[in-house]
Every structure is written in structure tokens, then in C-alpha cells.
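S.K.: Before anything else, here's the structure in question.
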Amino acid sequence: MEFGLTEEQQQIREEVQRFAENEIVPQATAFDEEETFPHDIVDQAAEMGLVGSSIPIEYGGAGYSTLDTVIIAEELFSYDPGIALSILACSFGTEAIMEFGTEGQKERFLEPVAAGEKISGAAISEPDTGSDVSSVSTKAEKDGDEWVVNGNKMWITNGTVGDFFVVLCKTNPDAEGRYNGFSQIVVESDRDGFEADKITGKMGIRASDTAELIFDDVRVPEENLIGTRDAAFMQQMQFFDATRAGVAAQGVGIAKGALRNALEYAQDREQFGQSISEFQAIQHKLAEMATETEAARNLTYKAAWNVEQGNDVTKLASMAKEHASRTAVEVANEALQIHGGAGYVNDFPVERFYRDAKITQIYEGTTEIQKNVIARELLGKGF
Amino acid sequence: MKILVTVKEVATVEDEFEIEGTAIADQYLGEDLNEWDDYAIEEAVQLQENGVADEVVTVTIGPEDCEQTIRQALAKGADRAIRVWDDALEGVDLLDVGAKRSILQEVIAAEDPDLVLTGVQSGDDSWGATGVSLAEELDYEWAAVVNHLEHDLDDGIAAVRRELEGGVEELTDVELPAVLSIQTGINEPRYASLRGIRQAQRKPLDVQTLGDLGVDESAVEGAVTLTDMYEPESESDVTVWEGSADETASELGELLRDKGVAP
Ligand SMILES: Cc1cc2nc3c(=O)[nH]c(=O)nc-3n(C[C@H](O)[C@H](O)[C@H](O)COP(=O)(O)OP(=O)(O)OC[C@H]3O[C@@H](n4cnc5c(N)ncnc54)[C@H](O)[C@@H]3O)c2cc1C
């Protein structure tokens with residue numbers, strides 16, 4: 001058994017810390033208040049290689065493993081989840097292209113993302129389709145050598161800033177079985193009939209862009225279909241192990257950041273003639289927060305390590321995602337409590353962490369769905 | 001053209017700390033790449049990217065622990081690194097300018113660079129003398145506190161801008177080989193890229209002892225000893241008033257009168 005990080009991984013962690021402290025932290029409150037996408041920070045991050053870091057080296061990425069990207073996500077999220085997501089989500093959807101794309105598709109779509117020239121997105125959810133992915137109704141019909149896409153996608157990260165989206169569409173309405181008849185099709189945002197409406201008023205991760213996408217007879221060439229026609233449901237599910245480990249890392253990062261802020265505040269703030277960190281009630285909070293965070297981290301790293309080994313980790317990835325997102329919410333809550341009234345306004349980052357934490361229990365499969373998956377695996381039931 | 005950059009891992013100190021004897025207690029110390037050296041590395045790497053330099057080599061005097069910092073320099077674009085360490089250095093409390101000069105001089109003799117870039121000073125010891133003293137010993141030309149360097153280096157001349165007191169700047173031509181001590185602000189140091197970090201793991205990092213370099217052990221026993229370390233008593237306070245100018249102006253006036261600043 002080996003629990004240490006490699007020298008290279010430590011080096012990545014430290015450089016990401018430096019980047020976050022200098023470039024992200026000073027601007028975090030402003031982007032949260034204004035609810036705008038941090039284009040300049042994302043460009044800088046792309047220069048450093050933080051965008052699309054798992055894209056293979058031959059397409060301009062850093063070729064980083066799931067564990068490497070988990071470490072990066074943890075660090076970035078510990079400084080500001082909204083800006084961190086803006087950076088890391090720039091390559092959403094590209095996993096499908098990496099795994100199932102043709103050589104031509106990889107060159108066309110992966111290279112500009114790795115270079116920071118284009119932003120991608122993954123469009124699965126719809127107004128009537130959330131946890132039940134098999135109810136997707138956006139349809140794509142073949143017309144000559146083109147696909148014609150019609151439908152609405154909801155809650156799409158990067159919706160108004162993205163250049164292209166990997167869209168889960170129903171391509172064969174007559175297919176038997178509820179998981180058949182879906183395809184992943186790339187839709188570029190500059191196609192006629194594409195529209196994106198920004199969703200404002202989000203509780204947290206407000207720097208990250210979220211939108212509703214509307215496809216009205218959008219025509220894309222047949223070369224935009226990724227992988228096997230009508231078999232995309234399974235293609236889509238395949239990435240959940242890696243992406244759920246990724247959201248688990250976001251949760252670990254949020255917990256780590258909230259704890260860091262709480263520790264600092266507890267030592268500075270004095271009441272009854274002493275620092276509040278002298279009170280056992282506060283000490284126990286800090287001890288529990290640190291312990292829970294470490295437990296979530298270990299579960300997350302273990303899941304990521306297993307993804308890297310090519311092992312089946314569906315259960316473990318769901319455990320990590322569920323536990324780490326819950327830890328994020330609980331630790332952020334306690335961190336705010338330690339700040340007292342000062343935590344209730346945005347003078348301190350903890351107020352933002354408290355709001356940002358919640359999303360990790362919702363996207364990439366809700367907490368309830370993770371528990372369904374874990375139980376299904378425990379009971380040996382197929383899905 | 002070959003450029004040698006001196007790179008030091010410096011100690012960093014937390015805001016609140018305690019002193020034990022003549023040192024700051026370990027638990028308050030961290031380590032980092034010396035800020036000035038970060039600029040020197042960037043300058044060298046830019047010279048290489050612009051096709052002026054062929055090779056950028058870093059040299060560090062320090063124990064194995066500081067290899068992480070050296071890899072940082074390699075990740076930013078230096079080609080290879082030399083680290084000098086020796087049992088004889090282990091016991092030295094304070095490595096003074098003379099000792100550093102004796103070691104670096106031999107590295108330079110072996111590497112024969114066209115240009116040596118050092119930081120103006122190191123953030124912890126702040127001797128501010130290593131670069132210049134090294135040039136003197138080597139009989140190289142030198143320029144200190146350089147905040148701009150022309151990147152053509154035509155005819156073996158480095159055209160530099162130096163920062164003087166009071167915002168005055170001086171333009172000087174320095175003949176190569178030369179030592180330039182680099183001031184912060186000369187460029188904007190990059191973050192190491194993920195690819196750079198990966199490549200850095202495979203770049204050569206050569207470790208040499210005093211014996212390898214032909215430096216006599218006695219050379220590292222400096223003439224200077226550290227006798228005391230203390231925090232100076234603060235001689236002034238800050239007073240902050242919160243509230244509008246209307247509410248606080250008279251309080252400020254009173255304080256100024258009290259302190260004898262205003263009549
Ligand atoms: C900020 C943000 C960004 C997002 N980004 C993207 C994106 O980039 N791409 C994308 O495709 N989607 C994205 N989403 C959508 C997200 O993945 C969905 O919101 C999520 O999957 C939940 O779906 P839903 O909101 O429709 O909730 P529902 O599925 O309607 O769930 C409502 C409640 O019912 C529970 N529930 C549902 N089914 C079951 C069940 N079988 N058993 C027990 N409980 C159940 C849920 O757990 C939840 O508590 C994003 C959402 C947000 C808020």
C-alpha cells in the first residue's frame with residue numbers, strides 16, 4: 001500500500017496553490033457578486049495547462065490521470081469553487097471525444113480546448129429530464145448527411161460561453177429498451193437555430209456560467225456524431241466513475257477551504273479575553289471538520305486511483321461523491337458557525353463556501369441517486 | 001549562448017513567530033523559491049525562447065530538501081540543474097558571501113557560461129552581494145539591480161537598465177561574459193505549466209560535492225558569525241478611526257497636535 005503523492009503531484013499542488021492565491025482569491029468576491037464568467041483567469045489557467053489537463057499530450061493537453069486532476073480540483077476548489085469550476089469545466093464533454101472520437105474529431109475538438117481557444121460543455125439534463133437520464137427527449141433526425149437537432153437542454157454549464165456541446169439526443173425513438181436509441185452529437189454554438197439563455201440568480205458557484213439551450217432545427221454534419229449511433233447511453237454512463245471522483249474532489253476542496261478559513265478566524269477572534277480557538281467547543285468542531293475532510297479525501301483518492309487502474313469502481317465513486325459532497329456542506333456549515341455574525345456577510349470567504357457547497361450534492365447525480373447506485377451494487381442488482 | 005542562473009531556496013516566515021536563540025523556531029518557517037531568482041529564471045527562459053540563449057542551467061547551494069524548489073525552476077523552463085552540497089556544509093550555520101563565491105566560482109569555471117544571472121538579493125539572508133562579488137572574483141563585467149535587459153545581446157554586449165535611488169535609472173552596456181543581478185519587476189514570472197512540471201521530473205539534476213568542484217573545505221567557514229536575533233521594538237503605533245470624515249477629522253486633528261506635528 002502506498003499513500004503518498006509523487007514528487008510531481010506535490011509540485012502540481014504547490015503551483016496550483018500559488019496560482020489560486022495570486023490570481024483567484026483577490027477576485028473571487030467580485031465574480032460572485034457580479035455573476036460573470038472569469039474569462040481572463042480562465043485564459044491564464046489555460047496557459048498553465050489547467051484547462052483540459054486530462055487531454056492527451058498529442059492533442060495539446062497534459063495527459064494527466066484521474067488522480068492528478070482530482071488533486072488539481074481539490075486545490076482550486078479550496079480557494080474559490082465558482083472560479084475553479086469555470087476553469088475545470090472548460091473541457092466538459094470532451095471525455096466522450098477522448099474515448100470514442102475518431103482521429104479527425106479529436107483533432108477538431110480536443111486541440112482547441114487544450115489550447116484554451118475553445119470552451120466545451122456537456123448537455124444531458126432537460127427541463128423534464130434530471131435524475132432519469134433515460135427520459136431525454138431532445139431529438140436528432142438524419143436528413144441526408146446532416147443531423148437535425150430539436151429540443152431544450154437545462155442547467156448546462158458554460159451554456160452562454162461554450163463553443164460546442166456534446167449533446168445527448170434521442171436518435172431512434174423506436175428503439176426497444178429504455179437505454180437504447182440515444183446518440184452523443186456535437187453541436188457548435190455558432191450553428192443557426194442554436195440559442196442559449198443564461199440562468200441567473202444561482203445560490204452558489206455564481207462565476208460559473210449556467211444556461212438553458214434551445215435547439216430549433218439545428219443542422220450539424222454527420223461527422224459530429226461521437227462513437228456509436230444509438231448506443232450513447234452506455235457511453236455516457238461510462239464516465240460517471242471518473243466524473244463523480246471529480247465532483248468528490250470538489251467537495252474535498254470546499255471542505256478544505258472552509259476549514260482553512262475557520263482555523264484562521266478561530267485563532268484571530270477573541271472573546272471573553274481569549275482567542276475563541278481556546279474554547280473546547282470550537283476545538284472539537286475544528287477537529288471533526290479536519291477528520292471528516294481527511295476521510296472524504298481518502299475515499300476520493302482511492303476512487304480516483306482505482307479509475308486510473310482501470311478497475312470497476314462504480315460503487316466506490318458513488319460513495320466518494322456522496323460522502324465528500326456531504327462533508328463539504330457540513331464543514332462549510334460549521335466553518336460559518338465559527339465565524340459567528342461575520343460569517344453571515346460576504347466580508348469573509350466562508351459565506352461563499354457555504355452557498356457553493358450545496359451544488360456538489362446535486363449535479364453529476366444527486367445524493368439520493370448516489371445512494372441508489374451504492375445500494376444497487378451492494379444488493380447485486382443490475383440497473 | 002549559455003546562461004547560468006543562481007537559484008536559492010529561501011526560508012519564509014509566518015506573520016507571528018518566535019525566536020529560539022539566534023534563529024526563528026522551525027515551526028514558523030516555510031520554504032520557497034527566492035523571489036528575485038524567479039525573475040532571473042524568467043529572464044533566462046525568455047532569452048532562450050527568443051532564440052538568444054541555447055541553454056539555461058541553474059545552480060543551487062543546498063541540501064536534498066531543496067530539490068523541490070530546483071524542480072520548480074526546471075518546470076519553468078531551465079534545461080538542467082546543478083546542486084552543490086557537502087557534509088562540510090551541513091554544520092555551517094551561516095554561509096556567507098565569501099563561501100558562496102568560492103563554490104559558485106568553481107561551478108562557473110566548469111560551465112563557462114556567457115551570462116550569469118543572479119537575484120539582487122535573497123529574501124531571507126539579504127546579503128545582496130553574491131552576484132557582484134562573484135563577478136569581481138571571476139573578473140567578469142557586472143551590473144547590479146538590473147530592471148531591463150535588451151534581448152539581442154549583439155556583439156557580445158548586454159544593454160541593461162539599472163535602478164538607482166529616487167527613481168533614477170541608468171542605461172549601461174556590459175561586455176560578456178558578465179554577471180547581472182536581476183531586480184524584481186524586470187518581467188512577469190510565469191507559473192510552471194503542468195507539462196513543464198512533468199518534463200522537469202526528467203531533466204538532469206546533477207549533485208556535486210565540494211571535492212567534485214575542487215573547493216577546499218576551509219573555504220566555507222565564513223568570517224561572520226551570527227550573534228543575536230531579536231524583533232526590534234516598534235517605535236510607532238497606528239491609530240485607525242472608523243466613521244465619516246465629519247466624525248473623525250477632529251480626532252485626527254487632536255492627535256496631530258498631541259504628537260507635535262501640528263501647531
Ligand atoms: C449549477 C448547475 C450546473 C449543472 N450543470 C449541468 C451540465 O453541465 N450538464 C447537464 O447535463 N446537467 C447539468 N446540471 C443538471 C444536474 O445534473 C441536475 O440538476 C441533476 O442531475 C438533478 O436533476 P434535477 O434537477 O432534474 O432533479 P430531479 O431529478 O427532479 O430530482 C429532484 C429530487 O428527487 C430526487 N430523486 C429523483 N429520482 C430519484 C430516485 N430514483 N430515488 C430517490 N430520489 C430521487 C432527487 O435526488 C432530488 O432530491 C447542472 C445543475 C446545476 C444546478
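The values are calculated or read from the model by the stated rules, or taken from the named source; none is laboratory data. These figures come from a predicted structure and were not determined experimentally. So basically every Cβ, Gly included, is an ideal-geometry build from the backbone, and we count neighbours across all protein chains shown. All accessible areas refer to the heavy atoms of the entire protein, side chains included, with ligands and DNA or RNA removed. Shrake-Rupley method; radii C 1.70, N 1.55, O 1.52, S 1.80 Å.
S.K.: Does a label point 7 Å from the Cα of A:Thr228, set along Cα-to-beta-carbon, have any residues of the range A:96-117 with amide nitrogen under 13 Å, and which are they?
M.R.: Only A:100 fall inside the zone, counting backbone N under 13 Å.
S.K.: Taking the Cβ of B:Glu217 as the center, what net charge do the other residues with Cβ under 10 Å away carry, scoring Lys and Arg +1 and Asp and Glu -1? List each step's numbers first, then the result.
M.R.: Numbers: positive: none; negative: B:Asp86, B:Asp87, B:Asp216, B:Glu221.
With Lys, Arg at +1 and Asp, Glu at -1, the net is -4.
S.K.: Need one value for B:153-166: mean number of C-beta atoms belonging to other chains within 10 Å of its residues' C-beta atoms.
M.R.: Mean partner-chain Cβ count within 10 Å for B:153-166: 0.
S.K.: Tell me which of A:Ala115, A:Val25, A:Ile87 sits at the most positive position along the dipole axis of the range A:19-145, charges placed on C-beta atoms (Lys, Arg +1; Asp, Glu -1).
M.R.: About the Cα centre, the residue reaching furthest to the positive side is A:Ala115.
S.K.: Sticking with this one: Taking K and R as +1 and D and E as -1, what net charge do the other residues with C-beta under 10 Å from the C-beta of B:Leu29 add up to?
M.R.: Here the count lands on -4.
S.K.: Could you list which residues have their amide H under 5 Å from that of B:Gln208, counting only those 5 or more apart in sequence or on another chain, with H placed in the peptide plane?
M.R.: B:Arg83, B:Val84, B:Trp85
S.K.: Can you list the residues in the range B:38-78 whose accessible area drops by at least 40 Å² when all protein chains are present, compared with the chain alone? Use a 1.4 Å probe, heavy atoms only.
M.R.: Hits at the 40 Å² cut-off: B:Gln68, B:Gln72.
S.K.: Enumerate the aspartates and glutamates that A:Lys139 could reach by cross-link, defined here as Cα to Cα under 13 Å, with residues fewer than 8 away along the same chain left out.
M.R.: A:Glu126, A:Asp174, A:Asp216, A:Asp217, A:Asp230
S.K.: Bin by bin, in steps of 10 Å, what percent of the Cα pairs in the range A:120-230 do you find, going until the bin that has the longest distance?
M.R.: Percent of Cα pairs in each bin: 16, 49, 28, 7, 0.
S.K.: Continuing with this model, one more query. Kindly state, to the nearest 0.05, the FRET efficiency for B:Met229 paired with B:Gln68, given R0 = 41 Å and r defined as their beta-carbon distance.
M.R.: 0.95
S.K.: Right, here's the next one. If a/c stays under 1.5 just call it rounded; otherwise compare a/b with b/c (prolate if a/b is bigger, oblate if not). Do that for the protein assembly as shown, with a ≥ b ≥ c from the square roots of the Cα gyration tensor eigenvalues.
M.R.: Prolate, because a/c is 1.5 or more and a/b exceeds b/c.
S.K.: Within 10 Å, count the other beta carbons around each residue, average over each peptide in A:167-177, B:110-120, and list them highest first. Could you put the intermediate results ahead of the total?
M.R.: Details: A:167-177: 16.8, B:110-120: 22.2.
Per-residue Cβ counts within 10 Å, averaged per peptide and sorted highest first, yield B:110-120, A:167-177.
S.K.: Let me know the number of lysine pairs in the range A:146-276 closer than 23 Å at the Cα, not counting same-chain pairs under 8 apart.
M.R.: Lysine pairs satisfying the spacing and distance rule in the range A:146-276 number 4.
S.K.: Which residues of the range B:184-198 end up with at least 10 Å² less accessible area in the presence of all protein chains than when their chain stands alone, using a 1.4 Å probe?
M.R.: Buried by the other chains: B:Tyr191, B:Ala192, B:Ser193, B:Leu194, B:Arg195, B:Ile197, B:Arg198.
S.K.: What is the ratio of the Cα radius of gyration of the range B:176-263 to 2.2 N^0.38 Å, where N is its residue count, to two decimals?
M.R.: Rounded to two decimals, the normalised Rg is 2.29.
S.K.: Treating the beta-carbon of each Lys and Arg as +1 and of each Asp and Glu as -1, no other charges, what is the dipole magnitude of the range A:274-361 about its Cα centre, to the nearest 20 debye?
M.R.: So the dipole magnitude of the range A:274-361 works out to roughly 240 debye.
S.K.: Taking +1 at the Cβ of each Lys and Arg and -1 at the Cβ of each Asp and Glu, which of A:Ile214, B:Gly214, B:Ala143 sits farthest along the dipole of the protein assembly as shown towards its positive end, judged by Cα position relative to the Cα centre?
M.R.: Among A:Ile214, B:Gly214, B:Ala143, the one farthest towards the positive end of the dipole of the protein assembly as shown is A:Ile214.
S.K.: Also: Could you give me the ³J(HN,Hα) list for the range A:90-100, computed from phi with Karplus coefficients 6.51, -1.76, 1.60 and θ = phi - 60°, whole Hz, x at Gly and Pro?
M.R.: With the stated coefficients, the range A:90-100 comes to 4, 10, 3, x, 6, 4, 5, 5, 4, 7, 10 Hz.
S.K.: Using a 10 Å cut-off on Cβ atoms, rank the peptides B:154-164, A:210-220 from the highest mean neighbour count down. List each step's numbers first, then the result.
M.R.: Numbers: B:154-164: 15.3, A:210-220: 19.6.
Taking the mean over residues of other Cβ atoms within 10 Å, the ranking is A:210-220, B:154-164.
S.K.: Still on this model: For Cα pairs less than 8 Å apart in space and 6+ apart in sequence, what is the mean separation divided by the residue count of the range A:234-379, i.e. the relative contact order in percent?
M.R.: This gives 34 percent for the range A:234-379.
S.K.: Further question on the same structure: Counting only protein heavy atoms and a 1.4 Å probe, tell me what percentage of chain A's accessible area is made up of carbon and sulfur. Mind showing how you got there, number by number?
M.R.: Values: 7760 of 16430 Å².
Percent of accessible area from carbon and sulfur atoms in chain A: 47.
S.K.: For the range A:1-61, rounded, prolate or oblate, judged on the Cα gyration tensor with a ≥ b ≥ c (square roots of eigenvalues), a/c < 1.5 rounded, else prolate if a/b > b/c?
M.R.: Oblate is the answer for the range A:1-61, as a/c is 1.5 or above yet b/c matches or exceeds a/b.
S.K.: Counting alpha carbon pairs within less than 8 Å and at least 6 residues apart, what relative contact order, in whole percent, applies to the range A:7-115?
M.R.: This gives 32 percent for the range A:7-115.
S.K.: With +1 assigned to the C-beta of every Lys and Arg and -1 to the C-beta of every Asp and Glu, and no other charges, what is the dipole magnitude of the protein assembly as shown about the Cα centre in debye, to the nearest 20?
M.R.: 3820
S.K.: Here's something else I'd like to know. Where a ≥ b ≥ c are the square roots of the eigenvalues of the C-alpha gyration tensor, would you call the range B:2-220 rounded, which needs a/c under 1.5, or, failing that, prolate if a/b is larger than b/c, or oblate?
M.R.: It is rounded, given that a/c, with a ≥ b ≥ c, falls under 1.5.
S.K.: Just give me a number: lysine pairs in chain B, eight or more positions apart or cross-chain, with C-alpha atoms less than 23 Å apart. Please list the in-between numbers first.
M.R.: Details: B:Lys2/B:Lys76; B:Lys2/B:Lys100; B:Lys2/B:Lys203; B:Lys8/B:Lys76; B:Lys8/B:Lys100; B:Lys8/B:Lys203; B:Lys76/B:Lys203.
Value for chain B: 7.
S.K.: Roughly how many debye, to the nearest 20, is the charge dipole of the range A:1-68 about its Cα centre, given +1 on each Lys and Arg Cβ, -1 on each Asp and Glu Cβ, and no other charges?
M.R.: For this selection, approximately 200 debye.
S.K.: When Rg is the radius of gyration of the Cα atoms in chain A and Rh is its Kirkwood radius, what does Rg/Rh come to?
M.R.: Dividing the radius of gyration by the Kirkwood radius yields 0.98.
S.K.: Would you work out the relative contact order for the range B:2-220, in percent, from Cα pairs under 8 angstrom that are 6 or more residues apart? Before the final figure, lay out each step's value.
M.R.: On the way: 446 pairs, mean separation 59.2, N = 219.
27 percent.
S.K.: Suppose accessible area is computed on protein heavy atoms with a 1.4 Å probe; arrange A:Ser91, B:Ser218 from highest to lowest.
M.R.: Reading off the accessible areas and sorting them downward yields B:Ser218, A:Ser91.
S.K.: Give me the inter-chain shielding for A:1-10: mean count of other chain Cβ atoms within 10 Å, whole number please.
M.R.: 2
S.K.: Can you return the lysines within cross-link range of A:Lys315? Criterion is Cα-Cα under 21 Å, with same-chain partners fewer than 8 residues away left out.
M.R.: Those lysines meeting the cut-off are A:Lys302, A:Lys371, A:Lys381.
S.K.: Roughly what % antiparallel, to the nearest 5, for the DSSP beta bridges in the protein assembly as shown?
M.R.: Looking only at bridges with both residues in the protein assembly as shown, the antiparallel portion is about 60 percent.
S.K.: Here's another thing I want to ask about it. Tell me, what is the per residue accessible area of the protein assembly as shown in Å², probe radius 1.4 Å?
M.R.: Result: 47 Å² per residue.
S.K.: Using +1 at the C-beta of Lys and Arg and -1 at the C-beta of Asp and Glu, which of A:Val313, A:Leu336, A:Val252 has the Cα lying farthest in the positive direction of the dipole of the range A:242-383?
M.R.: Farthest towards the positive end: A:Val313.
S.K.: Let me ask something additional. Using the per-residue mean of other Cβ atoms lying within 10 Å as a proxy for protection, in what order, highest first, do the peptides B:242-251, A:7-16 fall? Don't jump to the answer; show the numbers that get you there.
M.R.: Details: B:242-251: 9.4, A:7-16: 20.0.
Highest to lowest by the protection proxy: A:7-16, B:242-251.
S.K.: At a probe radius of 1.4 Å, figure out the B/A buried accessible area, summed over both chains, and give it in Å² to the nearest 100. Working shown, then result.
M.R.: Values: alone 15000 and 17190 Å², together 30490 Å².
Accessible area lost upon association: around 1700 Å².
S.K.: Same structure, new question: Would you calculate the separation in nanometres between label points at A:Lys142 and A:Gln271, each defined as 7 Å from the Cα along the Cα-to-beta-carbon direction?
M.R.: Calculated label separation equals 6.8 nm.
S.K.: If you count, for every residue in A:14-22, the Cβ atoms of partner chains within 10 Å of its Cβ, what is the mean?
M.R.: That works out to 3 on average.
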